Amino acid sequence: MTKPPIVAPIVVVVGVVTLPWAFAPMVSQAIGLESAQQPAGAVDYFSIPKHQEERIRAAAPESPRVKPKQARRVLVFSTPNHLMEKDPHKGYCIPYGAAAFRILGEKSGAYQPVVSNDLSHFLPQNIKKFDAIVLNNTSGAWITPASEDVARLAPTGGDQKSLEEQLRKSLLDYISGGGGLVAIHFAIGANPHWPEFRQLLGATFTGHPWAEEVGILVEEPEHPLVAAFGGKNFRIDDEIYEFGPPYDRSQLRVLLSLDTERTNMGVKWISRTDNDFAQAWVKSYGKGRVFYTGFGHRTELFWNPMILRFYLDAVQFAAGDLEAPTEPRADRPVRNWPGPTPPEIRAAKMKIHQVPEPSADEIAKIETACPDKAPAKPAKPRKVLVWGHTWTHLPNPYAEKALELLGKKTGAFTAVISDDPRLLLSNRIGQFDAVVMNNIHEQEPFLPEGFGKLDPQQQAAARQFDKAVKQSILEYVRGGKGLVGTHAATAALFGWPEYGEMIGGYYGGHIAQEVVIRVEDPNHPVNACFEGKPFTIRDEIYIFKAPYGRKNVRVLLSLDLERMRDPGNRPDKDYPISWVRSYEKGRVFYTTLGHEPATHWNPLFLRHLLAGVQFAIGDLQGSTEPNPK
């Protein structure tokens, strides 16, 4: 390929021309600013240390991907001066981005860069001079001119509103008429007051949950605009965005996305629930071409050869030299984890593990057995998360239905039934007044299935997520919220000592027979349904080991050894059934009852369970002072 001649860069900073003196007379003629009255004393926001510029130049491609069809001029536009002082990227990625896009054009000869933050370039008579526009981390409502811009850009009359309307129309007409647009990083967060701008770029910035190394999927390895990555997934350390409406895969073509299986999904403030975190895309806008990537925050990215090649290819695409498809694809990578189990997978797993759904008759029995009224009036509308994998234990679907109906029939709470571990993260768990660990029964319930078969990056990401969930649960309860454990909740998480301490003990064996239960604390409100009388039930009863101890919990129910044979060999003859305890500011209720399906239409059990949930929520007051045997 014959390399096109290098054209001189033009750098305009709101009226201050910063370029080799030999080219100074060319500025107004080249970019059509004959009538623009430029303000004096503007600040240079584009200088970077010489050695950093040389790093960028050394890393930039020697030649473009394709030979330009003609000489190209590209506007590299940054935040205007009247907004730059408050721009979070001032002195950071803006000057480095400006240098990178200038050097890419200079070194490769693919285009003549015009580096500026002057809104005059968007006037209809000026914007047509460019083959493409790069929005270099432009921030704020930059399409709204400052008051001083009105006199300069509309010298024959007009006001701020009419000038902004002219600038808006000029940009949209330019792109829809066949122009090209490249936007990087926070450029997508600009002009929040202008809906058409969000439609132009294809999404709205909703936050940056990640500021760390993440995994990136190259969704379409053969697409010309991802050639820089050699068809391979990669890792990158940057400030990583997530996006909201109008983001829609049916309206754009996603090139890169976050690999959620190789990224720490335990970070705070992730708002998307579909695991769809696009990081680069292309789209058509009328006859024009639009490219966006979230990459472009950390300064070292601007001397990363892979990213620089990616940027250069994008500019050539936008300018019309590098052909690339923009039609939306129907497919997308499916990432179920972390997230709720899809219904079809849940049903298959229940079948494999022989865990049945409650029948219509059984559901009717549960509903009939539920009390009509809660023991305490809720202080406000309450929401309870019932969390667990339905297929892991026989009683799980019965307990789900019982808790749902208890809350609904009595009005005590609304139950949210889910196995989505993301709901346990610190920025989501707070919406719930209590969390029910519903027979979770697994040693690592917050890790993906088949963890041992994952590659090291997947395992590391999963461990980060698991750690975040566990820390979140601890902080949630310690901070004053409620935790309820049903039956097998003490048979889980043996490798997490803080959980055993919080819930009050670990499973150490069981018996499955008819038992007589003694009401140890007749006056406790969680026990009110028993009226101080022993009762008999057939269920699977756990025998507990450390950290269970009477010094840590207040036992409510226990086996009545005066009315039945000792089922175990505990020297202390201590076989608790239900207890409550404080965990710093939080409240914990646990019962070993709830294994047999029939237990879930036992009226006494349901009333006891409801009272325990209300205790954990804080609507039903009761002592947590430990009681000796």
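The values are calculated or read from the model by the stated rules, or taken from the named source; none is laboratory data. Just so it is clear, the model here is predicted, and its values are computed rather than measured. No Cβ is skipped: glycine too gets one built from the backbone with ideal geometry, and neighbour counts run over all protein chains shown.
Assorted remarks:
- For the stretch 496-518, the criterion of a residue being small (Gly, Ala, Ser), within 20 Å of Tyr398 (Cα to Cα) and part of a helix (DSSP H, G or I) is satisfied by no position.
- Residue count for the stretch 406-418 satisfying the condition of being in contact with a strand residue (DSSP E or B) (Cβ under 7 Å, 6 or more places away or on another chain) and buried (at least 21 other Cβ atoms within 10 Å of the Cβ): 3.
- On the stretch given as the stretch 55-77, residues that are of a type in the set (Lys, Arg) and in contact with a strand residue (DSSP E or B) (Cβ under 7 Å, 6 or more places away or on another chain) total 2.
- Among the residues of the stretch 367-400, the ones that are in contact (Cβ under 8 Å) with a residue 60 or more places away in the chain and either assigned to a strand (DSSP E or B) or of a type in the set (D, E, K, R) (or both) come to 3 in all.
- Cβ-Cβ distances below 9 Å connect the following pairs, each with a first residue in the stretch 557-574 that is over 23 Å from Pro626 (Cβ atoms), a second residue that is among the acidic types (Asp, Glu), and a separation of six or more residues or different chains: Met564/Glu514.
- Of all residues in the stretch 218-273, those satisfying the criterion of being part of a loop (DSSP other than H, G, I, E, B), hydrophobic (A, V, I, L, M, F, W, C) and either within 29 Å of Leu447 (Cβ to Cβ) or in the same structural domain as Arg422 (by TED's automatic domain parsing) (or both) are Met265, Val267, Trp269, Ile270.
- Criterion: part of a loop (DSSP other than H, G, I, E, B), surrounded by fewer than 19 Cβ atoms within 10 Å (Cβ to Cβ), of a type in the set (A, V, I, L, M, F, W, C) and touching a residue at least 12 places away in the same chain (Cβ under 8 Å) - qualifying residue of Ala110, Ala141, Ala211, Ala151: Ala141
- Number of positions in the stretch 532-556 that are without any contact (Cβ under 8 Å) to a residue 60 or more places away in the chain, in contact with a strand residue (DSSP E or B) (Cβ under 6 Å, 6 or more places away or on another chain) and of a type outside the set (Asp, Glu): 9
- Residues of the stretch 261-280 that turn out to be of a type in the set (D, E, K, R) and either more than 8 Å from the chain's Cα centre (by Cα) or farther than 15 Å from Gly207 by Cβ (or both), as a count: 4
- Gly91 vs. criteria modelled with pLDDT under 95, out of contact with any Lys or Arg (no Cβ under 6 Å at 6 or more places or on another chain) and among the small types (Gly, Ala, Ser): yes
- When Leu322, Leu403 are screened for being part of a helix (DSSP H, G or I) and crowded, with 16+ Cβ neighbours inside 10 Å, only Leu403 passes.
- Among the residues listed as Ile473, Ile511, Ile517, the single one being touching a residue at least 40 places away in the same chain (Cβ under 8 Å), surrounded by fewer than 22 Cβ atoms within 10 Å (Cβ to Cβ) and in the same structural domain as Glu562 (by TED's automatic domain parsing): Ile511
- Verdict on Asp361 being more than 28 Å from Met265 (Cβ to Cβ), touching a residue at least 12 places away in the same chain (Cβ under 8 Å) and more than 36 Å from the chain's Cα centre (by Cα): no
- Selection from the stretch 238-270 of residues that are over 21 Å from Ala183 (Cβ atoms), surrounded by fewer than 18 Cβ atoms within 10 Å (Cβ to Cβ) and among the charged types (D, E, K, R): Lys268
- A residue that is of a type in the set (Asp, Glu) and either crowded, with 24+ Cβ neighbours inside 10 Å or more than 22 Å from Ala412 (Cβ to Cβ) (or both) occurs nowhere in the stretch 602-621.
- Some residue of the stretch 614-627 being outside any loop (DSSP other than H, G, I, E, B) and out of contact with any strand residue (DSSP E or B) (no Cβ under 7 Å at 6 or more places or on another chain): yes
- In the set (1) among the aliphatic types (A, V, I, L, M); (2) over 30 Å from Leu447 (Cα atoms); (3) out of contact with any Lys or Arg (no Cβ under 7 Å at 6 or more places or on another chain); (4) buried (at least 20 other Cβ atoms within 10 Å of the Cβ), Val290 fails one condition alone, (3).
- Scanning the stretch 521-572 for residues that are under 18 Å from Glu501 (Cα atoms) and β-branched (Val, Ile, Thr) gives Ile543, Val553, Val555.
- Reported count of residues in the stretch 113-138, each being under 21 Å from Gln316 (Cα atoms), of a type in the set (S, T, N, Q) and assigned to a helix (DSSP H, G or I), is 1.
- Within the stretch 174-203, being assigned to a loop (DSSP other than H, G, I, E, B) and touching a helix residue (DSSP H, G or I) at 6+ places or on another chain (Cβ under 9 Å) holds for Gly179, Ala190, Asn191, Pro192, Trp194, Gly202, Ala203.
- Residue in the stretch 66-97 that is surrounded by the most Cβ atoms within 10 Å (Cβ to Cβ), counting only those that are over 17 Å from Trp142 (Cα atoms) and of a type in the set (Gly, Ala, Ser): Gly97
- The listed residue being out of contact with any Phe, Trp or Tyr (no Cβ under 8 Å at 6 or more places or on another chain) and assigned by TED's automatic domain parsing to the domain that holds Leu609, out of Arg422, Arg478: Arg422
- Residue match in the stretch 281-291 (condition: without any contact (Cβ under 8 Å) to a residue 60 or more places away in the chain and either within 23 Å of Gly189 (Cβ to Cβ) or not assigned by TED's automatic domain parsing to the domain that holds Arg463 (or both)): yes
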